[in-house]
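Participant: This is the structure I have questions about; it appears just below.
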Amino acid sequence: MARVSQEHLDARRRQILDGAARCFARNGFHATSMQDVLAEVGLSAGAVYRYFRSKDELIAAIASGVFTSIRGAFEEASRATPPPTPDVLLGAVLRLFLEERIEGADPQAFARLIVQVWTETLRNEELADTLGEGYHGMREAWTGLVVAYRESGILAADVPPEHVARTLIAAAQGFIAQQALFGGVTAEVLEDGLRGIMSMSVPPSPPEGTGSIE
């Protein structure tokens, strides 16, 4: 009997994960059954259970892949030297997300899957721990970037770097949620919005005693 190549095994595993991801992105984790996955991928129960013994194993594998994509996108953007300004940095992160595709699914599917994974961490402690570790790593990497902003003089020194890092991460997360819910998100929208915010200047306060008289 001929041995099945590792390449074939990996391709079959990818086929199952892509089919499950389409189901999950479309209907959610808990409204999707293993029978739905079998129908989506066109394989027998035995072929699928050879790789994943339950829906929970499928969810864990997909969540792990999503976490890897999220962390990889943030860390890749943070390695640029010299560090780009926040509009360029977050635009690069969002482009990496928007380029992610689930085979055979619509452009919003990956963003919807990310939101599904975020939601699943609220009931699954193991996934929550994995997400927490990834988030901690991203926050550390981006805090280092913010320190570089301060040292180069483009950021005020009185703002805690971690606060700025968390805000930048939240902006990217918010645009991912927008893509999942509404679609039509582009990196250019985020970049333009951030440039507009960064261009704001706060007028100096009038000296005491010179305010207008009612």
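The values are calculated or read from the model by the stated rules, or taken from the named source; none is laboratory data. Predicted model, so just to flag it, every value in this text is computed and none were measured. Every residue, glycine among them, receives a Cβ derived from its backbone with ideal geometry; neighbour counts consider all protein chains shown. These accessible areas exclude ligands, DNA and RNA; they are computed on the full protein's heavy atoms, side chains included. Shrake-Rupley method; radii C 1.70, N 1.55, O 1.52, S 1.80 Å.
Participant: Of all residues being open to solvent by 30 Å² or more (accessible area, probe 1.4 Å) and in contact with a helix residue (DSSP H, G or I) (Cβ under 6 Å, 6 or more places away or on another chain) in segment 148-163, which is nearest to L113 (Cα to Cα)? Just the residue, please.
Facilitator: If we take residues in segment 148-163 being open to solvent by 30 Å² or more (accessible area, probe 1.4 Å) and in contact with a helix residue (DSSP H, G or I) (Cβ under 6 Å, 6 or more places away or on another chain), then E162 is nearest to L113 (Cα to Cα).
Participant: What are the pairs, 6+ residues apart or on separate chains, where a residue within segment 137-163 that is of a type in the set (S, T, N, Q) has its Cβ under 7 Å from a residue that is crowded, with 18+ Cβ neighbours inside 10 Å?
Facilitator: Note: pairs meeting the criteria are T143/P161; T143/A165.
Participant: Sort through L181, L190 and tell me the only one that's closer than 22 Å to R112 by Cβ, at pLDDT 85 or above and open to solvent by 80 Å² or more (accessible area, probe 1.4 Å).
Facilitator: Working: L190 fails: open to solvent by 80 Å² or more (accessible area, probe 1.4 Å).
Testing whether each residue is closer than 22 Å to R112 by Cβ, at pLDDT 85 or above and open to solvent by 80 Å² or more (accessible area, probe 1.4 Å) leaves just L181.
Participant: Just the residues that are free of Cβ contacts under 8 Å to residues at least 60 places away in the same chain, open to solvent by 20 Å² or more (accessible area, probe 1.4 Å) and assigned to a helix (DSSP H, G or I), please, taken from segment 65-91.
Facilitator: G65, T68, S69, G72, E76
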